[in-house]
Amino acid sequence: MTDLLPRIEIETAADPTWAVIWLHGLGADGSDFVPVVPELGLDAAPGVRFVFPHAPAMPVTCNGGYVMPAWYDIISLEPQARRVDEAGILRSRDALRALIAHENRRGIPCSRIFLAGFSQGGAVAYLTALTHDERLAGLIALSTYLPTPQRVVVEGRAANAGIPIFAAHGTLDDVVSPALGSAARDFLAGRGYRPEWHEYPMPHSVCLEEIADLGAWLRARLAGARAMRAAHCEEVHLGKA
């Protein structure tokens, strides 16, 4: 059994029925996106547990072997591609799968779990969501890329063929080039996924407009699921009348 990563958890209401597992970028930690939660406008939405895990520390080759929080080693950086340690990505996928299973044990099914990530964390979220055996609620990919598209071709699961995807990138990003982000978008669209793509005039970061758009996207997913459940309950009630 994979040990659970240390993490920060924030609940928007008591007894949350949804979860967002959000992975930070290279060199950061789980606290990085905590301030975003109150800006998403989820006060009237069903309770959500935000889970912000901390990546383990490891030497990162592209940074001269400097030890820092990382989801996997990056061997080299190129504008149109990058060499990465695929074994490290798979270990991080296992760690993320363990957090998903932990939320399942706490009563939140996969269908109510969103995976989110920024930069390197988004790459792990991409791979994990698209290869997961059970349908997830959605995927949030911020300023990131798809590091192992061939593995998605081989291991992609039908359960998440229609997963809602919010993908966003800064047009001024000089860390993960916009070309890498749009390449992931185009690859997914070519395989039948329907990513909702957003661009913002920003560097390798997030901006208020992006957070507002993400909040609206999340609220729509939560409200849609609640409406579907209400309609189902009404049908059951009428059937018993």
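Throughout, read-outs are computed from the coordinates displayed, never taken from laboratory work. Source: prediction; values computed, not measured. Quick reminder, even Gly has a Cβ in these numbers, built from the backbone with ideal geometry, and neighbours come from all protein chains shown.
When Lys and Arg each count +1 and Asp and Glu each count -1, what net charge do the other residues less than 13 Å away from H54, Cβ to Cβ, add up to?
Numbers: positive: R7; negative: D3, E9, D29, D32.
For residues surrounding H54, the net value is -3.
Work from the charge dipole of the chain (Cβ charges, +1 for Lys and Arg, -1 for Asp and Glu, about the Cα centre) and give the residue of L222, A70, A125 farthest towards its positive end.
L222
Rounded to the nearest 10 degrees, what's the angle between the helix 86-105 long axis and the longest principal axis of the chain, both from Cα atoms, 0 to 90?
20
Using Cα-Cα distances under 8 Å and only pairs 6 or more residues apart, what relative contact order does segment 83-188 have, in percent?
On the way: 159 pairs, mean separation 24.6, N = 106.
Reported relative contact order: 23 percent.
In debye to the nearest 20, how big a dipole does the chain give about its Cα centre with +1 on each Lys and Arg Cβ and -1 on each Asp and Glu Cβ? Can you show the working numbers first?
Working: 21 positive and 27 negative charges, 164 e Å.
Its charge dipole is roughly 780 debye.
Between S182 and R91, what is the label-point separation in nm under the 7 Å Cα-to-beta-carbon projection?
Each label point is offset 7 Å from its Cα along the Cβ direction, giving 3.5 nm.
So what's the net charge close to E39: Lys and Arg +1, Asp and Glu -1, counting the other residues with Cβ under 15 Å from its Cβ?
Numbers: positive: R219; negative: D32, D43, E209, E210, D213.
With Lys, Arg at +1 and Asp, Glu at -1, the neighbours total -4.
Can you give me the distance in nm between label points at V154 and R105, each placed 7 Å from the Cα along the Cα-to-Cβ direction?
A separation of 3.0 nm, rounded to one decimal place.
Let me have the relative contact order for the chain, percent, based on Cα pairs under 8 Å that are six or more residues apart. Let's see the in-between values first.
On the way: 473 pairs, mean separation 40.8, N = 241.
Result for the chain is 17 percent.
Relative to the longest principal axis of the C-alpha atoms of the chain, give the angle of the C-alpha long axis of helix 208-240, reported between 0 and 90° and rounded to the nearest 10°.
Relative to the chain, helix 208-240 is tipped by roughly 30 degrees.
Put +1 on the Cβ of every Lys and Arg and -1 on every Asp and Glu Cβ in the chain; which of L146, A95, C207 then has its Cα farthest towards the positive end of the dipole?
Of L146, A95, C207, it is A95.
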